[in-house]
């Protein structure tokens, strides 16, 4: 006869989603859709004088009276560091963790075709959102996220019309956005045989490419020959994803422990989720009344308050789905200033600066994304030779140090420091 | 109304007086870890799973503090694996109940007996407060504490004397657990240290330390009073459970069948829902002890040889016995608080730690509680801590030191226990557990002295 209390029963917690799951996002909007615009700190809504106007202010297409194509991309490299909170019983003393070294490329491509004297048709391909936080292993936060990746690509046909005097232009178009999300993490459990915290499973959540339609409108007004005002708006959208949660056991080397883990692991199965993406609302004012400089200042608002929660739903075993993660992001503003100055008939130089507020509350700071307020400065050049146009930009972005201050909803507190370097190059051809 | 106003005035005056009169706590000495010594018992020694061995001694709470404080040469009386006594190990979790067995039949050996100075960690398994100021290591091995004192104190003086001999700059103390724990493990309040004895010994200990090292910083800790925080007392139900269903066996009226035991003084009776059955008694129950005689002819109980025989008084803690123990520990804690306050010594809240663990805590990805085997805080003997548990213990001390001395000693993180992030020594070298197996016939005798109450085969077959 064996008599023992139920608590004696061995239940090793190997819940795949032991803590809240993927917030794939935070302020994951991208503004890098054209080298000239990036060189001007993203202050381009009232200038919008190259094909990337489809992204920054579609009304700007109307002032482009030559058929043109332009393509290029932005290469992004991060330098970051995570330091554990000295008062956190799990992360204290941890330091030196960082992302894997690799370059993220955000592509863009545009074509512009004017019709008659007032109408311009354009089509653009760009990435309005994106995220990659891929941590170097062994990474102490791997139970929350080893790798989070969100990709988007938008295809937008657009039409813009301007008055014959060019002082007023309006444009718009539908946006077809495709998106994909990935989250990779390990599940940890305490191995009762050796008392160590052991990686027992890997969960790789990968969605299929999903899609959604949105829209985009813009307005460009030139009240005087030297002043311009631009307004543009890109609609928000929530993308629904379907995908697969691939769950792979990681052998511990102890057959009994592995057997217990295996008995509790859910199987690989379909998964669904939805991600809210913000709108973009631009207001820009530009002037060419300051010497040879063309200067623009923009305010951009993103409606990140739409990003309130995130739910991951395991289709076959819904009871094992993680609890809905509360994020409660805030709407944000960014402030952008840029200038362009022709120095020769062929060469332009450009300068820019920005301050970008982050939407993420402190409790939501995590290895998936630790967003923070950013300041950036940019420098670029433009070169024209015959029909060819080459733009190149160097952009340094500094993220203010961000700590979770003991409030992490993942029980994972620490301080994140991030800097990014972005190089954008575009090549254009005007027919 | 007038009475109310008077009351308000008096309350306000009292509050004001309290505010004015409350002294700002200034801890004695400073948090200088140039010469760091620790005084304690089996928790301080790093006993785990009924064994003192070098696999776990690096995680004794003093060793963890030393590592975090950057102490360069923190010496402990290391014992080779499988330790004194042989470490209890989990060998089977596939079948119910899990099986725990000692890692061999012979003890390990002390491996740095020749250290030409006292150890920094002077903690003696089994020591109570009185032992700290009386044992010198030359006494006959008639108790657990005396056995361990022989190779830890080595006749060089008491724990306190050897601590002072090192001209300590900081002294960490946790003692008093065994003044209550012996009673808990034995299932009777009779072994509780009398309050006066405890008070006299505790104050004498601090007096000697303060007199011998007047400039040293110090920290002490209080004692858990929640017996429910120990899996030794919470892992065996006071009523019959069907091992197949793991649910209570019910009587004809749907009632649980509580065990019969000696409730004290030879009085037999059935346990109630608040009674606690000690972990080692599980093996007795498996042979029929405690099962009421009325079931003696009913299968499968009729196959058990001891049905109808009561559990011994030492197998259980009744509600009344628990209350006595809790009250005595509360009194001990009052003594500790007063003694510490009188000498400007901060008190680490170990009682609070145990209370939190009893409720369950999330640290990073890991949920820890006081469950046996799976809880993560207590080892396979049911009352000593695991490496993780001792780290949490040390962190309570570090937090107390930082608060009292305005230092910033980093907490020891549990992420050190990630399997591929092995803990590191202060020198940066990775601590790799020594899994070598050393057999010594001479050590076998010591094993029996370590914890005579423990049954080595707790696996309840």
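Please treat every number below as a calculation from the coordinates, not as lab data. None of these values were measured; they are calculated from a predicted model. As a convention, Cβ positions derive from the backbone with ideal geometry for all residues, glycine included, and neighbour counts pool all protein chains shown.
Stretching the chain fully between residue A:335 and residue A:209 yields a gain of 42.1 nm (0.36 nm per residue, less the alpha carbon separation). Rounded to the nearest 5, the antiparallel percentage of DSSP beta bridges internal to the protein assembly as shown is 95%. Taken residue by residue and averaged, Cβ atoms of other chains lying within 10 Å of the Cβ of B:357-364 number 4.
Legend: mean number of C-beta atoms from other chains within 10 angstrom of residue C-beta atoms, peptide A:196-202, equals 5. With the cut-off at 1.5 for a/c, could you classify the stretch A:227-377 from its C-alpha gyration tensor as rounded, prolate or oblate? The shape class here is prolate.
In whole angstrom, how far apart do the alpha carbon centroids of the stretch B:28-81 and the stretch A:321-345 sit? About 52 Å separates the Cα centre of the stretch B:28-81 from the one of the stretch A:321-345.
The modelled label-to-label distance between residue A:308 and residue A:383, using points 7 Å beyond Cα along the C-beta direction, is 5.2 nm.
Can you give the helix-only mean residue ellipticity at 222 nm for chain A, where every DSSP H stretch with n ≥ 4 adds -39500 (n - 2.57) and the sum goes over all residues, rounded to the nearest 500 deg cm²/dmol?
Taken over chain A, the calculation gives -1000 deg cm²/dmol.
Under the shape rule built on the C-alpha gyration tensor, where the axes satisfy a ≥ b ≥ c, the stretch A:9-430 is prolate, since a/c reaches at least 1.5 and a/b is greater than b/c.
DSSP beta bridges fully contained in chain B are about 60 percent antiparallel. When a/c is below 1.5 the answer is rounded, else prolate if a/b is larger than b/c, else oblate, so apply that to chain B with a ≥ b ≥ c taken from the square roots of the Cα gyration tensor eigenvalues. It comes out oblate by the Cα gyration axes.
Taking R0 as 30 Å, what's the FRET efficiency between residue B:359 and residue A:249 from their Cβ-Cβ distance, rounded to 0.05?
On the way: r = 31 Å, r/R0 = 1.04.
FRET efficiency, residue B:359 to residue A:249: 0.45.
The peptide list B:40-49, A:357-366, B:329-338, put in order of mean Cβ contacts within 10 Å with the highest first, becomes B:40-49, A:357-366, B:329-338. Taking 7 Å steps out from each Cα toward its Cβ at residue B:274 and residue A:398 produces label points 6.4 nm apart.
To the nearest ten degrees, helix A:255-264 and the longest principal axis of the Cα atoms of chain A are 60 degrees apart. Across the stretch A:9-430, the mean sequence separation of Cα contacts (distance under 8 Å, 6 or more residues apart), normalised by length, yields a relative contact order of 20 percent. How high is the relative contact order of chain B, in percent, counting Cα pairs under 8 Å that sit 6 or more residues apart? Reported relative contact order: 23 percent. Rounded to the nearest 500, the 222 nm mean residue ellipticity of chain B from helices alone is -10000 deg cm²/dmol, with -39,500 (n - 2.57) taken per DSSP H run of at least 4 residues. Other protein chain C-beta atoms within 10 Å of residue C-beta, averaged over A:185-194: 5. Once both labels are positioned 7 Å from their Cα atoms along Cα-to-Cβ, the gap between residue B:136 and residue B:203 label points is 2.6 nm. Compute the label zone of residue B:190 within the stretch B:306-346: residues whose backbone N is under 20 Å from the point 7 Å along Cα-to-Cβ. Residues B:310-329 fall inside that zone. Using the Cβ-Cβ distance between residue A:221 and residue A:115 with R0 = 30 Å, the FRET efficiency computed as 1/(1 + (r/R0)^6) comes to roughly 0.85.
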